[in-house]
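K.L.:
After the structure tokens below, expect a handful of questions from me.
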Amino acid sequence: MSKSLSATIDVDASPAAVWTVVSDLKRMSEWSPQCRVMKVLGGDVKVGARTINLNQRGPLFWPTSSKILRFEENTALAFRVVENHTVWSYTLEEIPTGTRVTERREAPGGTSGLSNFLVARVLGGIDEFDDELVAGMNATLRKIKNAAERTRTVEA
């Protein structure tokens, strides 16, 4: 079973302002250092919607697809990557100074055998790749924070 990975950041903006950024999945490539494209099929982000994605790490590119599992306005968004069985989520919690955002990657049933093989043999090993994913989560959250705080400033 794969361990859960997470990162958290406090944003000086309302949950609604943060949600506007987080729930706009077509902008995921602006936040994530690994995601190059995330396209929602059918246009609307909602539970059951599917996405096609293109990821990159250095010279390596690989496609994935996912299904939205959770979509609770101003609160939570989660999707499962079909190919490796991981669940990526964003939870928003109102705090006195704005919003606490947590990004998680979980694999409650473990990741696929192919994913384990590729991570071990091509992407540098499980522990190293997990460390890279957490660093990427922190980078993603910093970009989400900057975008949401800019939105808040424009709205004020």
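The values are calculated or read from the model by the stated rules, or taken from the named source; none is laboratory data. Owing to the predicted nature of the structure, the values given are computational and were not obtained by experimental measurement. Glycine gets a Cβ as well: all are built from the backbone with ideal geometry, and neighbour counts include every protein chain shown.
K.L.:
Mind checking which residues of the stretch 12-43 are at negative phi and part of a loop (DSSP other than H, G, I, E, B)? Full working, then the answer.
P.N.:
As a first pass, look at the stretch 12-43 and keep what is at negative phi: 12-41.
Scanning the stretch 12-43 gives Asp12, Ala13, Ser14, Ser23, Asp24, Ser32, Pro33, Gln34, Leu41.
K.L.:
If you don't mind, there's one more thing I want to ask. Is there a residue being at pLDDT below 95, touching a strand residue (DSSP E or B) at 6+ places or on another chain (Cβ under 9 Å), exposed (fewer than 15 other Cβ atoms within 10 Å of the Cβ) and under 19 Å from Gly136 (Cα atoms) anywhere in the stretch 4-14?
P.N.:
yes
K.L.:
Can you pull out the residues in the stretch 56-105 that are modelled with pLDDT of 95 or more, within 24 Å of Val40 (Cβ to Cβ) and of a type in the set (Asp, Glu)?
P.N.:
Glu72, Glu73, Glu103
K.L.:
Turning to a different aspect of this structure: For the subset of the stretch 95-152 comprising residues that are charged (D, E, K, R) and surrounded by fewer than 15 Cβ atoms within 10 Å (Cβ to Cβ), which member is farthest from Val11 (Cα to Cα)? Explain how you work it out, then say what you get.
P.N.:
Narrowing the stretch 95-152 to residues charged (D, E, K, R): 100, 103-106, 121, 127-128, 130-132, 142-143, 145, 149-150, 152.
In the following step, the residues that additionally are surrounded by fewer than 15 Cβ atoms within 10 Å (Cβ to Cβ) were identified as 121, 127-128, 131, 142, 150.
Values: Arg121: 37, Asp127: 29, Glu128: 28, Asp131: 23, Arg142: 9, Arg150: 11 Å.
My answer is Arg121.
K.L.:
Within the set of pairs 6 or more residues apart or between chains, which connect a residue that is on the phi > 0 side of the Ramachandran plot inside the stretch 106-118 to a residue that is part of a helix (DSSP H, G or I) and surrounded by 14 or more Cβ atoms within 10 Å (Cβ to Cβ) with Cβ atoms less than 9 Å apart?
P.N.:
Gly110/Asn116
K.L.:
Using beta carbons and a limit of 8 Å, which pairs, at least six apart or on different chains, have the first residue in the stretch 2-21 and more than 16 Å from Arg104 (Cα to Cα) and the second one acidic (Asp, Glu) and in a strand (DSSP E or B)?
P.N.:
Once the first residue is more than 16 Å from Arg104 (Cα to Cα) and sits in the stretch 2-21, its partners that are acidic (Asp, Glu) and in a strand (DSSP E or B) give Ser14/Glu94; Pro15/Glu93; Pro15/Glu94.
K.L.:
In the stretch 24-52, how many are among the hydroxyl-bearing types (Ser, Thr, Tyr) and either in contact with a helix residue (DSSP H, G or I) (Cβ under 6 Å, 6 or more places away or on another chain) or within 26 Å of Gly109 (Cβ to Cβ) (or both)? Don't jump to the end; show me each part of the working.
P.N.:
The initial filter retains those residues of the stretch 24-52 that are among the hydroxyl-bearing types (Ser, Thr, Tyr), namely 29, 32, 51.
Those left that are additionally either in contact with a helix residue (DSSP H, G or I) (Cβ under 6 Å, 6 or more places away or on another chain) or within 26 Å of Gly109 (Cβ to Cβ) (or both): 32, 51.
Result for the stretch 24-52: 2.
To keep it simple, each residue is scored yes or no on (1) under 19 Å from Val21 (Cα atoms); (2) among the charged types (D, E, K, R).
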{"position": "Glu72", "(1), (2)": "yes, yes"}
{"position": "Ala76", "(1), (2)": "yes, no"}
{"position": "Ile95", "(1), (2)": "yes, no"}
{"position": "Gly98", "(1), (2)": "yes, no"}
{"position": "Ser112", "(1), (2)": "no, no"}
{"position": "Arg121", "(1), (2)": "no, yes"}
{"position": "Gly124", "(1), (2)": "no, no"}
{"position": "Ala135", "(1), (2)": "no, no"}
